Amino acid sequence: MTTVDLKAQINSLIKLQTIDSEIYALNHEKEAKPQEIKELEEAFEQKKQSLAVLEKNLLDLQKQRKDKELDLASKEEEAKKLQTQLYTLKTNKEYQAMVQQIEGIKADASVIEDKILALFDQVDKAKNESEKEKQKLKEEEKLFLEQKKKAEDRIKEIDDRLAQLEAQRKQVTPDIVPKILAQYERILKNREGLGIVKVKNNSCQGCNMLVPPQVINLIKMYERVITCEVCNRILYTDE
Ligand SMILES: [Zn+2]
């Protein structure tokens with residue numbers, strides 16, 4: 001059995017951990033991106049929705065105005081028709097009754113006219129509001145697309161960097177004994193991307209718990225891989 005230079009193994013693991021820490025952080029950032037993009041899309045959809053509400057309100061008001069205009073036209077038509085009949089009437093009583101009827105229709109028409117004028121104002125206001133919102137939405141869309149592109153570009157950037165790091169990893173891993181590498185990778189997976197940690201001021205830099213002096217002595221002897229009794233991570237020291 002060939003003896004393993006454990007100190008060299010530990011140094012290779014430290015090198016690997018630097019790479020893996022970056023990989024872990026990048027994966028973490030990348031995983032959050034789809035949700036980030038989804039939230040941007042939802043926020044923009046909501047803004048589109050509020051413009052749609054304003055536009056529907058405008059159409060409603062325009063339709064109301066058109067209906068009232070038709071109403072008015074028919075009232076005017078009716079009054080005109082009665083007006084021509086007025087001179088065909090035989091008795092004064094019939095004449096007076098029809099004059100009254102015509103006056104009634106004209107009064108109705110005047111009320112409708114007032115409503116139409118009010119609707120003109122409302123339509124103008126609604127048109128203004130919806131124009132403003134449309135302008136605002138254009139700006140929002142620009143911003144939304146910029147932010148979305150930024151997130152997508154960042155994903156590409158991360159992927160490129162991850163490919164580089166994987167290549168770097170492949171340069172280090174052949175130096176590590178398979179058994180030790182497997183142990184490290186198992187811890188890496190289960191302990192938030194941190195497989196090997198330094199002992200500093202007598203405490204584990206992974207979990208901050210105290211490392212007993214006899215354990216520190218064992219680390220310095222480089223006879224076997226020493227792990228933290230609390231978090232299970234591989235320990236090293238440069239003190
Ligand atoms: Zn620990």
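The values are calculated or read from the model by the stated rules, or taken from the named source; none is laboratory data. Owing to the predicted nature of the structure, the values given are computational and were not obtained by experimental measurement. For neighbour counting, all protein chains shown are included, and Cβ atoms are generated from backbone atoms with ideal geometry for every residue, glycine included.
For Ile180, state whether it is β-branched (Val, Ile, Thr), over 41 Å from the mean Cα position of the chain (by Cα) and away from the ligand (no atom under 13 Å from the Cβ).
yes
Is at least one residue of the stretch 155-165 touching a strand residue (DSSP E or B) at 6+ places or on another chain (Cβ under 9 Å) and assigned to a helix (DSSP H, G or I)?
Narrowing the stretch 155-165 to residues touching a strand residue (DSSP E or B) at 6+ places or on another chain (Cβ under 9 Å): none.
No, the stretch 155-165 contains no residue that is touching a strand residue (DSSP E or B) at 6+ places or on another chain (Cβ under 9 Å) and assigned to a helix (DSSP H, G or I).
Confirm whether Lys15 is assigned to a helix (DSSP H, G or I), closer than 25 Å to Gln168 by Cα and out of contact with any strand residue (DSSP E or B) (no Cβ under 9 Å at 6 or more places or on another chain).
Details: assigned to a helix (DSSP H, G or I): yes; closer than 25 Å to Gln168 by Cα: yes; out of contact with any strand residue (DSSP E or B) (no Cβ under 9 Å at 6 or more places or on another chain): yes.
Here the answer is yes, as Lys15 does meet what is asked.
Can you name every residue in the stretch 197-206 that is surrounded by 12 or more Cβ atoms within 10 Å (Cβ to Cβ) and away from the ligand (no atom under 11 Å from the Cβ)?
In the first step, residues of the stretch 197-206 are kept if they are surrounded by 12 or more Cβ atoms within 10 Å (Cβ to Cβ); the result is 197-200, 202-206.
The answer is Lys200, Asn202.
Could you check, for the stretch 60-82, whether at least one of its residues is within 26 Å of Ile196 (Cβ to Cβ) and touching a helix residue (DSSP H, G or I) at 6+ places or on another chain (Cβ under 9 Å)? Steps first, answer last, please.
Filtering the stretch 60-82 for residues within 26 Å of Ile196 (Cβ to Cβ) gives none.
Checked the stretch 60-82: no residue is within 26 Å of Ile196 (Cβ to Cβ) and touching a helix residue (DSSP H, G or I) at 6+ places or on another chain (Cβ under 9 Å).
What are the pairs, 6+ residues apart or on separate chains, where a residue within the stretch 211-239 that is in a strand (DSSP E or B) has its Cβ under 9 Å from a residue that is of a type in the set (Gly, Ala, Ser) and within 8 Å of the ligand (Cβ to nearest atom)?
Leu235/Gly206
Applying the selection to the stretch 207-235, what residues are closer than 20 Å to Lys7 by Cβ and either within 12 Å of the ligand (Cβ to nearest atom) or touching an Asp or Glu at 6+ places or on another chain (Cβ under 7 Å) (or both)?
Once the filter is applied, which keeps residues that are closer than 20 Å to Lys7 by Cβ and either within 12 Å of the ligand (Cβ to nearest atom) or touching an Asp or Glu at 6+ places or on another chain (Cβ under 7 Å) (or both), the stretch 207-235 yields Val211, Val215, Ile226, Thr227, Cys228, Arg233, Ile234, Leu235.
Identify, from the list Lys56, Lys75, the residue that is of a type in the set (Lys, Arg), buried (at least 16 other Cβ atoms within 10 Å of the Cβ), farther than 21 Å from Ile155 by Cα and modelled with pLDDT of 95 or more.
Working: Lys56 fails: buried (at least 16 other Cβ atoms within 10 Å of the Cβ).
Result: Lys75 is the single residue among Lys56, Lys75 that is of a type in the set (Lys, Arg), buried (at least 16 other Cβ atoms within 10 Å of the Cβ), farther than 21 Å from Ile155 by Cα and modelled with pLDDT of 95 or more.
Within the stretch 15-51, take every residue that is basic (Lys, Arg) and in contact (Cβ under 8 Å) with a residue 12 or more places away in the chain and give me the one that is nearest to Lys149 (Cα to Cα). Break it down into steps so the answer makes sense when it comes.
To start, the set of residues in the stretch 15-51 that are basic (Lys, Arg) comprises 15, 30, 33, 38, 47-48.
Still in the list and also in contact (Cβ under 8 Å) with a residue 12 or more places away in the chain: 15, 30, 33, 47-48.
Details: Lys15: 34, Lys30: 14, Lys33: 11, Lys47: 19, Lys48: 19 Å.
Per the stated criteria, the residue is Lys33.
Per-residue answers, yes or no, for (1) at pLDDT 95 or above; (2) in a loop (DSSP other than H, G, I, E, B); (3) basic (Lys, Arg):
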| position | (1), (2), (3) |
| --- | --- |
| Ala126 | yes, no, no |
| Glu129 | yes, no, no |
| Lys134 | yes, no, yes |
| Lys148 | yes, no, yes |
| Thr173 | yes, no, no |
| Cys207 | yes, yes, no |
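Could you tell me whether any residue of the stretch 185-197 is touching a residue at least 24 places away in the same chain (Cβ under 8 Å), under 23 Å from Lys15 (Cα atoms), in contact with a helix residue (DSSP H, G or I) (Cβ under 7 Å, 6 or more places away or on another chain) and among the basic types (Lys, Arg)?
Looking for residues that are touching a residue at least 24 places away in the same chain (Cβ under 8 Å), under 23 Å from Lys15 (Cα atoms), in contact with a helix residue (DSSP H, G or I) (Cβ under 7 Å, 6 or more places away or on another chain) and among the basic types (Lys, Arg), one finds none in the stretch 185-197, hence no.
Would you mind stating whether Glu94 is at pLDDT below 95, of a type outside the set (A, V, I, L, M) and either exposed (fewer than 15 other Cβ atoms within 10 Å of the Cβ) or in contact with a Lys or Arg (Cβ under 6 Å, 6 or more places away or on another chain) (or both)?
Judged against the criteria, Glu94 is a match.
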